[in-house]
1. Among L22, S120, W107, whose Cα projects farthest towards the positive end of the dipole of the chain, with charges put on the beta-carbon of Lys, Arg (+1) and Asp, Glu (-1)?
2. Compute the relative contact order of the chain as a whole-number percentage, counting only Cα pairs closer than 8 Å that sit 6 or more residues apart in sequence.
3. Rg to Rh for region 1-106: what is it, with Cα atoms only and Rh by Kirkwood?
4. Among 52-58, 115-121, what's the highest-first ranking by average C-beta atoms within 10 angstrom per residue?
5. Straight-line reach from K93: which aspartates and glutamates have a Cα under 16 Å away, not including same-chain ones fewer than 8 places off?
6. Quick one: M29, M9, M21, fewest Cβ neighbours within 10 Å first, how do they rank?
7. Please state, to two decimals, what the Cα-based radius of gyration of region 45-109 comes to when divided by 2.2 N^0.38 Å (N = residues).
8. List the lysines whose alpha-carbon lies under 20 Å from that of K139, not counting same-chain residues fewer than 8 positions away?
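FYI, it's all coordinate maths here, none of it is from the lab. Bear in mind the structure is a predicted one, so any value in this text is a computation, not a measurement. When we count neighbours, we look across all protein chains shown, and the Cβ atoms used for this are built from the backbone with ideal geometry, even at glycine.
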Amino acid sequence: MSSITLWRMSAPHHAKTIAEMLSGEGAVMYGGRWNSPGNRVVYLSETLSLAAFEILVHAASTAILQPYQFLKVEVPEDLIMALDDNVLPPDWKEPFNYALQAIGDDWIASDQSLGLSLPSAVIPGERNVILRPTHPDFKHVRVGTIEPFSFDDRIFAEN
């Protein structure tokens with residue numbers, strides 16, 4: 001069975017352990033692009049660079065240059081369902097969209113799969129994946145170790 005490699009990035013003050021990084025606690029408390037508050041999911045990206053960009057789009061200053069950490073996750077491909085991009089509303093890339101939360105919430109309620117592959121609003125052609133840490137198939141997820149990550153100082157350098 002083939003697997004897909006996914007990447008999770010977070011600030012150390014949000015998660016100190018693998019269990020915390022994969023808990024979905026932030027998503028259940030605050031919601032996200034693809035879930036409303038109360039629905040527990042973990043947001044991951046198909047590349048480490050996309051995971052970093054997903055952090056950067058929320059950065060307003062060099063405060064983003066604080067230390068971060070990442071986690072490599074392997075998930076059997078057959079446990080991830082891909083969203084048909086044709087169901088996306090025309091304004092799906094807007095920062096906040098209830099229609100996208102409804103799509104994610106419907107998928108969560110359907111219990112169809114452990115993960116849902118979704119288009120990135122940040123990098124065209126790339127994908128993010130949301131996983132349900134409470135799904136019975138989560139036991140098939142293979143997890144690496146937490147590794148440090150630092151953004152390059154030149155990202156916000158003034159020329």
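1. Farthest along the dipole direction, towards plus: L22.
2. Values: 276 pairs, mean separation 51.3, N = 159.
Worked out over the chain, it gives 32 percent.
3. Working: Rg = 14.6 Å, Rh = 15.2 Å.
Across region 1-106, the Cα-based Rg/Rh ratio is 0.96.
4. On the way: 52-58: 15.3, 115-121: 20.4.
Highest to lowest by the protection proxy: 115-121, 52-58.
5. Cross-link targets: E54, D84, D85, E126.
6. By the 10 Å Cβ count, ascending, the order reads M29, M9, M21.
7. Details: Rg = 15.1 Å, N = 65, 2.2 N^0.38 = 10.7 Å.
With N residues counted in region 45-109, Rg over 2.2 N^0.38 Å equals 1.40.
8. K72
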